[in-house]
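Have a look at the structure below before the remarks.
Here, each number is a calculation from the coordinates, and none is a lab measurement. Just so you know, these numbers come straight off a predicted model, no measurement behind them. Note that each Cβ is placed from the backbone with ideal geometry, even for glycine, and that neighbours are counted across all protein chains shown.
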Amino acid sequence: MKKILYSFILLASLQNLSAQNIIDFFYSIPSSYVDDLSPIERKKLVKNKTLIKYGDRKYSLEIDIKNGYLRLDQSYIDGPSGYGIYEMAYWNLKNKKLIAFSSVLGSNGGFHQQDFKFFDYKNEKLSEVSTGYLKSYTSNFDVFINNLVTEFTKSNTKQSIKENLSESQFTIELPRSGKNIKVSFQENFMSDPNYFDKTYGKYLNYKQKMYKWNTQKEVFE
């Protein structure tokens, strides 16, 4: 009887864990990560897929529940040319879920990675990951992005160059499908197509890298 009861509790726990999807995590993440959108505003977005705030700030939402991916786009109807791209994705681990959050801000002049965080979701609690899962990762974004740029640059590259590179179309792209994370210096179609290579090409080992998810080790390599 005890064995049957234990099996029932275990099954119920697993069902509860699997019931959580990308929308639930979108509701759970602190407002500061999603342009200060309140839980009520996020629920309206999920329902209607668009939202107008402050009269000129437009949000649109893309959700792929099956692949565990969500993208929130922010732009302006009139006035400023600025925009924001906020992505979320998650991975099923042995006894919890790993959630990644990424944000990119830009304007007509260019774009750059604004933030990136890993969260663990376990026992219905969302907690920020300090280190781990990705070699260079730390929850201190400035340190993390510098570590990441360092992987891309030659060993004698000055710190001032690395700081410039971190704000020069350097982005982290979460997977719409699959499990891998792409980090790259993307093309900036609003500027001279040769400018980046002429200015920074000599400092780089490569312009993009795919960090592949190792299911057994539960890390990106």
Summed over the other residues with a beta carbon less than 12 angstrom from that of Glu218, with K and R at +1 and D and E at -1, the charge totals +3
Reachable aspartates and glutamates, given that their alpha-carbon falls under 20 Å from the alpha-carbon of Lys209 and they are not under 8 places away in the same chain | Glu87, Asp115, Asp142, Glu151, Glu163, Glu167, Glu173, Glu187, Asp197, Glu218, Glu221
Relative packing of peptides 114-122, 210-218 - highest average C-beta neighbours within 10 Å first = 114-122, 210-218
From Cα coordinates alone, what are the radius of gyration and Dmax values for the chain in angstrom?
-> 19.5, 73
Enter the angle in degrees (range 0 to 90, nearest 10) between the Cα long axis of helix 2-19 and the first principal axis of the Cα atoms of the chain, meaning the one along which they spread out most.
-> 30 degrees
Under 29 Å from the Cα of Lys49, which lysines turn up, not counting those fewer than eight places away in the same chain?
-> Lys58, Lys66, Lys96, Lys97, Lys117, Lys122, Lys125, Lys179, Lys182
With a sphere of radius 13 Å drawn around the Cβ of Gln169, what net charge do the other residues whose Cβ falls strictly inside it have (Lys, Arg +1; Asp, Glu -1)?
-> -4
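Note down the magnitude of the dipole of segment 27-126 about its Cα centre, charges +1 on Lys and Arg C-beta and -1 on Asp and Glu C-beta and zero elsewhere, to the nearest 20 debye.
The calculation lands at about 540 debye.
Charges at C-beta only: +1 for Lys and Arg, -1 for Asp and Glu. How large is the resulting dipole of segment 21-220 about its Cα centre, in Debye rounded to 20?
740 debye
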State, to one decimal in nm, how far the label point of Ile77 lies from the label point of Lys209, with both points 7 Å from Cα in the Cβ direction.
-> 4.4 nm
So what is the calculated 222 nm ellipticity per residue for the chain, using -39500 (n - 2.57) for each DSSP H run with n of 4 or more, over all residues, to the nearest 500 deg cm²/dmol?
-> -8000 deg cm²/dmol
Between the helical axis of 141-152 and the dominant principal axis of the chain, each derived from Cα atoms, what acute angle in degrees is found, rounded to the nearest 10?
-> 60 degrees
Would you mind counting up the charge near Ser32? Only other residues with Cβ under 11 Å from its Cβ, with Lys and Arg at +1 and Asp and Glu at -1.
-> -2
Placing +1 on each Lys and Arg Cβ and -1 on each Asp and Glu Cβ in segment 21-220, then taking the dipole about the Cα centre, the residue among Gln74, Leu93, Ser160 whose Cα reaches farthest towards the positive end is Leu93
